[in-house]
1. State whether the residues of the range 17-27 include one that is among the hydroxyl-bearing types (Ser, Thr, Tyr), in a loop (DSSP other than H, G, I, E, B) and farther than 26 Å from residue 125 by Cβ.
2. Against the conditions (1) in the same structural domain as residue 237 (by the TED database); (2) more than 16 Å from the ligand (Cβ to nearest atom); (3) in a helix (DSSP H, G or I), where does residue 30 fall short? Just the number, please.
3. What number of residues within the range 68-86 are within 14 Å of the ligand (Cβ to nearest atom) and touching a Phe, Trp or Tyr at 6+ places or on another chain (Cβ under 8 Å)?
4. Looking at the range 313-332, is at least one residue in a helix (DSSP H, G or I), of a type in the set (Lys, Arg) and not assigned by the TED database to the domain that holds residue 240?
5. Hey, can you tell me all the residues within the range 252-289 that are in contact (Cβ under 8 Å) with a residue 60 or more places away in the chain, within 20 Å of residue 305 (Cα to Cα) and within 12 Å of the ligand (Cβ to nearest atom)?
6. Testing residue 307 on (1) touching a residue at least 60 places away in the same chain (Cβ under 8 Å); (2) within 30 Å of residue 228 (Cβ to Cβ); (3) among the acidic types (Asp, Glu), one condition comes back false. Which one is that?
7. So which pairs qualify, if the first residue must be in the range 177-203 and within 23 Å of residue 85 (Cα to Cα), the second must be of a type in the set (D, E, K, R) and part of a loop (DSSP other than H, G, I, E, B), the Cβ gap must be under 8 Å, and the two must be at least 6 apart or on different chains?
8. Taking the range 44-60 on its own, how many of its residues are buried (at least 24 other Cβ atoms within 10 Å of the Cβ) and closer than 28 Å to residue 309 by Cα?
Amino acid sequence: MMMWRGILHEYRDFLPVTERTPQLSLQEGNTPLIPLQRLSKQLGIELYVKVEGANPTGSFKDRGMVMAVAKAKEEGSHTIICASTGNTSAAAAAYAARAGLRCIVVIPHGKIAMGKLAQAVMYGAEIFAIEGNFDEALKMVRRLSEMAPITLVNSVNPYRIEGQKTAAFEICDQLGKAPDILSIPVGNAGNITAYWKGFKEYHVKKQTGLPEMRGFEAEGAAAIVRNRVIEQPETVATAIRIGNPASWERAVQAAEESKGKIDEVSDAEIIEAYKLLARKEGIFAEPASCASIAGVIKQRKRNEIQEGSTVVAVLTGNGLKDPTIAMEVADIQPLVLPNDEKAVFEHIQGVVHQ
Ligand code: F0G
């Protein structure tokens, strides 16, 4: 089998890659598209998940970040900066380390998952935690990047969108065509923008068709659905705890052009989908990711998704990113036993004979 060489190499014809673009890669992309057999049967649809948690830093951000960091380096930048709910900072820090650039991240204090923080620390980023939310952090770094020679790598950087659109290409190749419906979590709305761009470009080149784009915000952070900025967004899905999405208009446009919809799901629906996915399908994705599954369940119940439809739900981040929430919501806890074979056997036999 040929070695996968990362998205800048594999999709160079679709990307702003030039001879001067550094060949940066952590072999991101080429993530699995897994059919969900039990959930498909239960819902009466053909449901697949695009497992973006299989990327090198555990989220879809790697696709956009490899492109943005490579271009920053090509353009002579020495430092990159981002605001983040965690995954962007992990990816930025990793690719900056790989490219030999400095990385500064600004995060909302106390509102980023432990695994993500651990990644930024390990990859050697300079980390500033503000007593504010993501939207406020983004405002600050946007202004800072205009004043200082620092490259902004949030998804307002167009190279991020370019890299992230490659996931849509992969889905078309893996399915043989675009799905009827693409379900995706929405936070800052960069990713839904990127997927829609990707599906359109691939369709022009390869006639792969176009899906209806269904985006899902968390109910406590549903600015687009409510059509107003949410000053104090709140959700268990910290990755999408965003009240003023930067790509707001483009998300609305993706939904309108594709005859799709931006919708919302509650924290309870997100957690239910989170557990269901792990227990019934063996797939552990972080809570924000599961907004896509929660959304499919909700819309199928309302008959907004027709029986027999082919649906791809994007699982944006790995479940291991946020171990704290997993331990909080799980009703299974390890049972501590004495180091005694007889006692252990008795307990295990109790489970086997249940
Ligand atoms: N899912 C996960 C796991 C995310 O980390 C994010 C965004 C989204 C979904 C939403 O994607 O913003 O393109 O609509 N995380 C950003 C971050 C904000 O800083 O890591 P979006």
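The values are calculated or read from the model by the stated rules, or taken from the named source; none is laboratory data. Since we're looking at a predicted model, the values are computed, not measured. Every residue, glycine among them, receives a Cβ derived from its backbone with ideal geometry; neighbour counts consider all protein chains shown.
1. yes
2. (3)
3. Number satisfying all stated conditions: 4.
4. No, every residue in the range 313-332 fails to be in a helix (DSSP H, G or I), of a type in the set (Lys, Arg) and not assigned by the TED database to the domain that holds residue 240.
5. Once the filter is applied, which keeps residues that are in contact (Cβ under 8 Å) with a residue 60 or more places away in the chain, within 20 Å of residue 305 (Cα to Cα) and within 12 Å of the ligand (Cβ to nearest atom), the range 252-289 yields 254, 262, 289.
6. (2)
7. Going by the 8 Å Cβ cut-off, the qualifying pairs are 187/241; 194/165; 195/165.
8. Of the residues in that region, 8 qualify.
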